[in-house]
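The values are calculated or read from the model by the stated rules, or taken from the named source; none is laboratory data. Just so you know, these numbers come straight off a predicted model, no measurement behind them. Virtual Cβ from ideal backbone geometry, glycine too; neighbours counted across all protein chains shown.
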Amino acid sequence: MENELAVLRVVRLKGRPATADVAAAAGISEQEAESALTELAGSGTLKEANGRYMLDPSAKDRLAELLEEERGQIDQDRLRSLYEEFDQHNTELKEIMHAWQLRDGEPNDHSDAEYDQGVVDRLATLHQNFAPLADQVVEVVPRLQPYPQRFSSALEKVQEGDHSWIAKPIADSYHTVWFEFHEELIEALGLSREAEAASGRAE
C-alpha cells in the first residue's frame, strides 16, 4: 500500500495523531493520509477513536517487516557515517535544551529576554550547521524527506516569537521533530534506543 510505512511510522512516533498530523509529518496530502489511515484501520492495523489513530498490537510485526525491507535498500555504511556526525549535533541540541529549561541550576522562568534570545540564537546556529546533514540523510533515506522542512517551520515560529515551538511536546516543536528524526535514524540503522541511551547518544 502506498505510504504505508510513512503513515505507520508517524502513528508509532506520535502515539495518537489526527489525520492532519499524519499528513504534515509524512509529507503527504490530507486526502492521501485519510485514505491510508482509513484502509489501515479497516484492516485492523490501526485503531481509530475520536478522529485519532493508534497502532493495533498486530501492527508491530508489519511495521518491523517494512522497516527491515527499507533497511535493505539503504547504504548502511553511508548512513552510519552520517549518524556519527549527527551525534555531535545531538550533543549540542541537548545543551541548548538544557539551557532553555534551566538557568544557573534553577528552572528558567523566561523573565530575562536577553538570556532567552541567546538560547534562540544558539538554536538558529545549530540549525544552520545541521541542515546540510539532514539533507544528506534524506538522500540516503528518502522517506525522511519531510524532516528538513519540519525543522525549518519550527524554527521560523520560534524566531517569530512563539518560543513554545522550541520544546513543546504536543506540537511539532523543534525538539519534537529532532526526537522523531533521531528515532528514525536509530531504526534505519537497526539499532535500539536502549543501547543508544546506554551509550549516551539518546536524549
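Being touching a residue at least 60 places away in the same chain (Cβ under 8 Å) and either in contact with a Gly (Cβ under 6 Å, 6 or more places away or on another chain) or on the phi < 0 side of the Ramachandran plot (or both), is that true of even one residue in the range 31-43? No, the conditions are met nowhere in the range 31-43. Scanning the range 49-60 for residues that are closer than 12 Å to Thr19 by Cβ and assigned to a strand (DSSP E or B) yields Arg52, Tyr53.
What helices (runs of 4 or more DSSP H) lie completely within the range 94-203 and have 3 or more residues being among the polar types (S, T, N, Q) and not assigned by TED's automatic domain parsing to the domain that holds Val11?
Values: elements: 113-140, 147-159, 174-188, 193-199.
Counting at least 3 such residues, we get 113-140, 147-159.
Having 2 or more residues that are within 19 Å of the chain's Cα centre (by Cα), closer than 19 Å to Leu66 by Cα and of a type in the set (Lys, Arg) is the bar; report the helices (runs of 4 or more DSSP H) wholly within the range 1-48 that clear it. Let's see the steps before the verdict.
Numbers: elements: 4-14, 19-26, 30-42.
Passing ranges, in order: 4-14.
Within the range 136-157, identify whether any single residue is touching a Ser or Thr at 6+ places or on another chain (Cβ under 8 Å), surrounded by 13 or more Cβ atoms within 10 Å (Cβ to Cβ) and of a type in the set (Gly, Ala, Ser), and answer yes or no. Yes, some residue in the range 136-157 is touching a Ser or Thr at 6+ places or on another chain (Cβ under 8 Å), surrounded by 13 or more Cβ atoms within 10 Å (Cβ to Cβ) and of a type in the set (Gly, Ala, Ser). Any residue at all in the range 89-104 that is at pLDDT below 95 and more than 21 Å from Arg193 (Cα to Cα)? Checked against the condition, which is being at pLDDT below 95 and more than 21 Å from Arg193 (Cα to Cα), the range 89-104 yields at least one hit.
Filter the range 79-94 down to the residues that are out of contact with any helix residue (DSSP H, G or I) (no Cβ under 8 Å at 6 or more places or on another chain) and among the acidic types (Asp, Glu), then identify the one that is farthest from Phe181 (Cα to Cα). Give the steps one after another, and end with the answer.
In the first step, residues of the range 79-94 are kept if they are out of contact with any helix residue (DSSP H, G or I) (no Cβ under 8 Å at 6 or more places or on another chain); the result is 80-81, 84, 87-88, 91, 94.
This time we only want the ones that are among the acidic types (Asp, Glu), so: 84, 87.
Numbers: Glu84: 14, Asp87: 12 Å.
That would be Glu84.
Within the option set Ala131, Ala171, being touching a Pro at 6+ places or on another chain (Cβ under 8 Å) and either closer than 14 Å to Met97 by Cβ or without any contact (Cβ under 8 Å) to a residue 40 or more places away in the chain (or both) holds for one residue only, Ala131. Reported count of residues in the range 102-135, each being loosely packed, with under 11 Cβ neighbours inside 10 Å, under 22 Å from Arg150 (Cα atoms) and hydrophobic (A, V, I, L, M, F, W, C), is 0. Screening Ala18 with (1) closer than 19 Å to Gln145 by Cβ; (2) surrounded by fewer than 18 Cβ atoms within 10 Å (Cβ to Cβ); (3) out of contact with any Asp or Glu (no Cβ under 9 Å at 6 or more places or on another chain); (4) not aromatic (Phe, Trp, Tyr) gives one miss only, at (1).
Among the residues of this structure, Arg80 counts as one that is in the same structural domain as His175 (by TED's automatic domain parsing) and part of a helix (DSSP H, G or I).
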